[in-house]
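**Student:** Okay, handing you the structure first.
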Amino acid sequence: MHAYDLILTITGGLAAALCLGYFTQRLGLSPIVGYLLAGTLVGPHTPGFVADAAMAEQLAEIGVILLMFGVGLQFHVEELLAVRRVAIPGAIAQSAVATALGAVVAHAFGWTWSAGLIFGMALAVASTVVLVRVLADNNDLHTQAGHIAVGWLVVEDLFTVLALVLLPALYGDSSGATPLWLALGLTILKVGALVAFTAVVGTRVIPRLLDYVAATRSRELFTLTVLVLALGIAVGSALLFSVSMALGAFLAGMVVGRSEYSLRAASDALPMRDAFAVLFFVSVGMLLDPRSLIDAPGLVVGALAVVLIGKPAVALLFVWLLRYPFKAALTTAIALAQIGEFSFILASVGRDLGVLGPGATNALAATAIVSIVVNPLAYRLIDPITRWVKARPALLAVLDRSAPVDAQSDAPRRPDAEHRAVVVGYGPTGRTVVRLLRDNDITPTVIDLNIDAVRTLREAGIDAVYGDAMRPETLAAAGVPSASHLILGSAGMANGDEVIRLARQLNPGVRVLARTDYVRDVPPLKQAGATAVYSGEGEVGLAFVGDILAVLGATPEQIDRERRRARIELFTGG
């Protein structure tokens, strides 16, 4: 029955999320709204089908781990250290203010100060899933504001770890509780040990392990290896170092991200992350008891005021005071104006300690749902607000005190599109094409699944991407969206027509030159959008024709005419 309940929960939750997510998307809202509503509908507090809330929550935790691993893949230590000046003190200030405001709100409704303190902590920490999803959906994850928000979130995560360790010491049974100073010291020591272990051991062991697996050329083994690394390090971080699994997954992702396998890991090994992320939102929706909104509406309104007004106001002020651009300050403030998974973890600890009552979970669930619904909508106001401010020079002078900053100034600059070509495959043909391109001042970027070839190319100063050209992320990383030519240099390449379609979606104007062994494979490649297709079978036939005609004394013009006629017959069936 347990397996049946699992399948029923996954199927029912995802089906409801699909229907309502599609409906809200059509209404112009974020599909996240539909996922949350789906969770409420399949939850225990509404009539009809009831999914297993505990099981959904466990599945959602996998989504959080995979999501944080994916974020770690795309971020580097240097990027996070670059924003430490604003992320560390900003997260401290915002957490302190939000905790204090939450405690005041809870105390105003008759709660004890102890309960109010935990409630305020829960309101202070933002949701990893929501923040990363909103930033990614708006292409802001790799901007200056995106780096600040993620760095801010990492600091908040560390504070949550400290809170989870210190709460039992503060409110647990004093006879067997660990002294506060000892609990704090052990926590700091464990977090430091995890970071050191990841930095020293991980950077040596993980890339070597991936080397061995990649050498098998098995996609299944590579995918399995990366998933085991993500889940294994996350679970190990919780068991051995007593930190959150999300933080462990994030650090594991950063280690893999420093290797040549980051792009392939992101595109190949995390296909389930979106589905599990959807289950996270469904699990949050299942926590809400709609009757709680009627029983204690004032508490929910107060909590929402802390999350939607208090927290973003502190973030906006702090980032602005440090002289960052106004848009970066506004983006950071709005991105952090929500709560999620860690809020419920803190609330569950408070409930287990006998400090929080059941009303806290309902209030947090309602606050989480409303803030998650409002967050993507508020995010859409960033550009209109920024334009409105820029149209008023006097106001802009007050709000934007920074020097002009290029959010992507550290990104590698690629050559102009008209002088760049992307070559898929570095076999004999690919090597020849790359050499000829460079000899004619055209910069090539090579895509290949042979890690040794990729390393050799990079050592020679040639831009190379390790990944599968069947993945749009790989094509985008290689620069196809702005390239002038895409060359498929491998004759036996499977699904070449699909690669061409993906390239056309990224760059409708790119010229695609494809190679194939057999004439019969030419029409599908042409239909997919190839500009020109060269068949080994056909080119050999043309070479034979040219040689025979030359021996018989034909002029160059006659040979060219016959070759054109033969090419039409071979490649078009005319």
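**Student:** Test of understanding: what is the full-extension gain from L27 to L321, defined as 0.36 nm times their sequence separation minus their Cα-Cα distance?
**Tutor:** Using 0.36 nm per residue and subtracting the Cα-Cα distance, I get 102.0 nm.
**Student:** I've got another one for you. Output the 0 to 90 degree angle, nearest 10, between the alpha-carbon long axis of helix 203-214 and the longest principal axis computed from the alpha carbons of the chain.
**Tutor:** 50 degrees
**Student:** Can you tell me the 0 to 90 degree angle between the C-alpha axis of helix 273-286 and the longest principal axis of the chain, rounded to 10?
**Tutor:** Helix 273-286 and the main axis of the chain meet at about 20 degrees.
**Student:** Distance between Cα centroids, the range 1-61 to the range 435-494: provide it in whole Å.
**Tutor:** 42 Å
**Student:** What is the distance in Å between the Cα centroid of the range 321-335 and that of the range 502-531?
**Tutor:** 45 Å
**Student:** If I stretch the segment between V50 and S218 completely, what's the gain in nm (0.36 nm per residue apart, minus their alpha carbon distance), one decimal?
**Tutor:** That works out to 56.4 nm of additional length.
**Student:** Using R₀ = 45 Å, calculate the FRET efficiency as 1/(1 + (r/R₀)^6) where r is the Cβ-Cβ separation of L186 and H107; round to 0.05.
**Tutor:** The formula returns an efficiency of 0.90 here.
**Student:** Also, quick follow-up: Using 0.36 nm times the number of residues separating H419 and T203, minus their current alpha carbon distance, what extension gain do you get?
**Tutor:** Contour length minus the Cα-Cα distance gives 74.1 nm.
**Student:** Assuming R0 = 51 Å, what is the FRET efficiency of L396 and I7, from their Cβ-Cβ distance, to the nearest 0.05?
**Tutor:** The calculated FRET efficiency here is 0.35.
**Student:** In degrees, nearest 10, range 0 to 90: what is the angle between the Cα axis of helix 180-197 and the longest Cα principal axis of the chain?
**Tutor:** Taking Cα atoms only, the helix is inclined about 0 degrees.
**Student:** Using a Förster distance of 51 angstrom, determine the FRET efficiency expected from the C-beta separation of T443 and A96, and round it to 0.05.
**Tutor:** 0.50
**Student:** Right, another one. Excluding residues on the same chain fewer than 8 positions from K311, give the lysines whose Cα lies under 23 Å from its Cα.
**Tutor:** Of all the lysines, those that pass the test against K311 - Cα under 23 Å, at least 8 places apart if same chain - are K327.
**Student:** Along the Cα→Cβ direction, 7 angstrom out, place labels at D137 and L436. What is the inter-label distance in nm?
**Tutor:** Calculated label separation equals 4.7 nm.
None of the figures in this text is laboratory data; all of them are computed from the coordinates on show. Everything numeric here is computed off the predicted structure, so don't read it as measured data. Cβ atoms come from the backbone with ideal geometry, glycine included; neighbour counts cover every protein chain shown.
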